[in-house]
Amino acid sequence: MGIGRSEGGRRGAALGVLLALGAALLAVGSASEYDYVSFQSDIGPYQSGRFYTKPPQCVDIPADLRLCHNVGYKKMVLPNLLEHETMAEVKQQASSWVPLLNKNCHAGTQVFLCSLFAPVCLDRPIYPCRWLCEAVRDSCEPVMQFFGFYWPEMLKCDKFPEGDVCIAMTPPNATEASKPQGTTVCPPCDNELKSEAIIEHLCASEFALRMKIKEVKKENGDKKIVPKKKKPLKLGPIKKKDLKKLVLYLKNGADCPCHQLDNLSHHFLIMGRKVKSQYLLTAIHKWDKKNKEFKNFMKKMKNHECPTFQSVFK
Amino acid sequence: MPSLLLLFTAALLSSWAQLLTDANSWWSLALNPVQRPEMFIIGAQPVCSQLPGLSPGQRKLCQLYQEHMAYIGEGAKTGIKECQHQFRQRRWNCSTADNASVFGRVMQIGSRETAFTHAVSAAGVVNAISRACREGELSTCGCSRTARPKDLPRDWLWGGCGDNVEYGYRFAKEFVDAREREKNFAKGSEEQGRVLMNLQNNEAGRRAVYKMADVACKCHGVSGSCSLKTCWLQLAEFRKVGDRLKEKYDSAAAMRVTRKGRLELVNSRFTQPTPEDLVYVDPSPDYCLRNESTGSLGTQGRLCNKTSEGMDGCELMCCGRGYNQFKSVQVERCHCKFHWCCFVRCKKCTEIVDQYICK
């Protein structure tokens, strides 16, 4: 073990100075009581939990890693703590979490996810705190279920540490009350109208359609949406023969408000995925050519190629 | 009396010749960092000829496969580190004696320990070359082409880039065994027996890596789900390879060379060794005391565990000679806490610990 390399962050350095001054009053020349492990640009001794991997590197968080580029630090360890080995793989896997981030289901969602997808560069891996994982999971899994997802194996909370050397926001922020459930908008209807976000969502969805809506009704706790004038942008799991009689569901959405459905007279962009035998709606936007952001999206969509795991993996 | 003097001289020359023949080993590539492939462009021939410890056949392979040499060095290093881990609490602890022969004269003896070092070093090379293929570092090989396992669920994908353990195994066989195959000793001689022993142990090491490679998978569906899963062939953790070879070491078979030039069991009641087993032809030397002729460094000055009754205990480690006790001060980080964003602050704790050293 011995004494490790020591560099103070700003806050820590300030505290260190105060302590040093205090110590100086008592005994001149006493050694520093604290040891700091700060940013490491060379992480040679880094011991990943995984036995076999590329040597870890500290790299810039790229601007197009949208999940994490504004998380609060600028560099990350690659391979990350989810065993993603290349930046392309990190981006591809992180992109499907961006829509969840935009749901604001918990204040600590980004810090939690990025501690794994884009781990901070220190001399050893630092995992998120178990309590943060549990708080994010408990707040966000209900939202994920609207999209047919459950909390994944790779984020199971019981594998994260309970001690002090773990990543979290300061406790007060993490315990802030979540929004009252009564006023919650249907998550698939609560979307940011920004071209990058829509593109990200398109890539994370299995199918996408331009269509009109014939009718909306309740069925078994879901909103059942009967489309008409369907034009596929991305078919995914939908077979062409099934397209004609396609019916979409807003999962668990029988009673939550969805302002896009207030007026059915125009076209919609609808994205979704198939779960068992149901086609679930994961995002809905009014097809609004006059909206600047939507127009940008239409332009980008023509050239944009979604990353696939196969392309990432080679 | 003159005839006795002549015999003595002949014996001495024979011994010296053997020492010269076996003094160096390719394991020394682990201790002298091999230059990156780019350095070879300057002049292939001189660089290969300057690498220490290569046999003539290995030197030729170096010229043909220059870019592989760095990874052979890595493999040897991995093997030595693993050896030092597996024997860390033993009287002989796989310490490296010098840069040329690496382990010193101890390896002249065809002992169990020699068997282990040959196996684990060969295993290290298979490991390093297989991985280098996967990483695209070598022009003559790439991802593994192993066929999809029959018991893999149908909806899982077989793809990705697997460790090329087939290539690693074949190349390690060519390179590591070259040193043994180019020797020409009389059939049934002790020297030939030693060559056969080395070939068997090299093979056992290679097979350990080859057989322990297994399927690894990743879930890469949307939001981390396992709706999409891709699998590939992956090397086992090298510690596990070391553990397996250590088991083989513990159950190694004592052999002797026959007049027909084959190895046979000293005790015919035991089971015939398989190609995955370690074999030895000489009893292990006493590792208790320093002995220049056997190359034993002895256990004087070694740390031991006062409360243990195993090999690392003071009674056994010190061979009954006793031990000295002294106190040392250790400074460690303690009470660490992560602060946003982003550093870890620790206190420094000092602890006085007792340590025991063999007399």
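Please report the net charge: other residues with Cβ closer than 9 Å to the Cβ of B:GLY124, K and R +1, D and E -1.
Working: positive: B:LYS77, B:LYS81; negative: B:GLU74, B:GLU82.
Once positives and negatives cancel, what remains is 0.
Take the alpha carbon gyration tensor of chain B, find the square roots of its eigenvalues, order them as a ≥ b ≥ c, and report rounded if a/c is under 1.5; if not, report prolate when a/b exceeds b/c, else oblate.
Oblate.
Using label points projected 7 Å from each Cα along Cα→Cβ, tell me how many nm separate B:ALA254 and A:LYS295, to one decimal.
9.2 nm
Interface A/B, total buried accessible area with a 1.4 Å probe, nearest 100 Å²?
Values: alone 18430 and 20670 Å², together 35170 Å².
The buried area between A and B, both sides summed, comes to about 3900 Å².
I want to check the label-to-label distance for A:LYS212 and B:GLU351. Put each point 7 Å from Cα in the C-beta direction and report it in nm to one decimal.
Label-label distance for A:LYS212 and B:GLU351, simple model: 7.6 nm.
Can you classify the range A:57-159 as rounded, prolate or oblate using the Cα gyration tensor, where a ≥ b ≥ c are the square roots of its eigenvalues, rounded means a/c under 1.5, and otherwise it's prolate if a/b beats b/c and oblate if not?
On the way: a/c = 1.76, a/b = 1.44, b/c = 1.22.
Prolate, because a/c is 1.5 or more and a/b exceeds b/c.
Give the calculated FRET efficiency between A:VAL226 and B:PHE270 to the nearest 0.05, with a Förster radius of 60 Å applied to their Cβ-Cβ distance. Mind showing how you got there, number by number?
On the way: r = 79 Å, r/R0 = 1.31.
It comes to 0.15.
For the range B:302-358, with the dipole built from +1 on Lys and Arg beta-carbon atoms and -1 on Asp and Glu ones, taken about the Cα centre, which of B:HIS335, B:LEU316, B:ILE357 lies farthest toward the positive end?
B:HIS335
Extending each Cα 7 Å along its Cβ direction at A:ALA63 and A:GLU33, get the distance between those two points in nm, one decimal.
Spacing of the two 7 Å Cα→Cβ label points: 4.6 nm.
Excluding residues on the same chain fewer than 8 positions from A:LYS300, give the aspartates and glutamates whose Cα lies under 13 Å from its Cα.
Cα-Cα hits under 13 Å: A:GLU196, A:GLU200.
So, taking all protein chains as they sit and a 1.4 Å probe, how much accessible area belongs to A:LYS299, in Å² rounded to tens?
Near enough 130 Å² of accessible area.
Please give the per residue accessible area of chain B, computed with a probe of 1.4 Å over protein heavy atoms only, in Å².
Numbers: 18660 Å² over 359 residues.
That works out to 52 Å² per residue.
Pop out the carbon and sulfur fraction of the accessible area of chain B as a percent, whole number, probe 1.4 Å. The partial results should precede the final answer.
Numbers: 9730 of 18660 Å².
The C+S portion of the solvent-accessible surface of chain B is 52 percent.
Run the numbers for B:LEU152 and B:GLN63: contour at 0.36 nm per residue of separation, minus the present Cα-Cα distance, in nm. Before the final figure, lay out each step's value.
Working: separation 89, 0.36 × 89 = 32.04 nm, distance 4.12 nm.
Gain on stretching B:LEU152 to B:GLN63: 27.9 nm.
Amide H of B:ILE109: which non-local residues (sequence gap of 5 or more, or other chain) have their own amide H closer than 5 Å, using H built in the peptide plane?
The list, which skips near neighbours in sequence, is empty: none.
With the cut-off at 22 Å, tell me which of the pairs A:LYS245/B:LYS229; A:LYS245/A:LYS295; B:LYS306/B:LYS347; A:LYS75/B:LYS337 have Cα atoms farther apart than that.
A:LYS245/B:LYS229; A:LYS245/A:LYS295; B:LYS306/B:LYS347
Pairs of Cα atoms under 8 Å, at least six residues apart: use those to get the relative contact order of the range A:57-159, whole percent. List each step's numbers first, then the result.
Details: 118 pairs, mean separation 26.8, N = 103.
RCO, the range A:57-159: 26 percent.
The values are calculated or read from the model by the stated rules, or taken from the named source; none is laboratory data. Not measured: the values here are computed from a predicted model. FYI the Cβ positions are ideal-geometry reconstructions off the backbone, even for glycines, and counts take in every protein chain you see. These area figures cover heavy atoms from the full protein model, side chains too; ligands, DNA and RNA do not enter into them. Shrake-Rupley method; radii C 1.70, N 1.55, O 1.52, S 1.80 Å.
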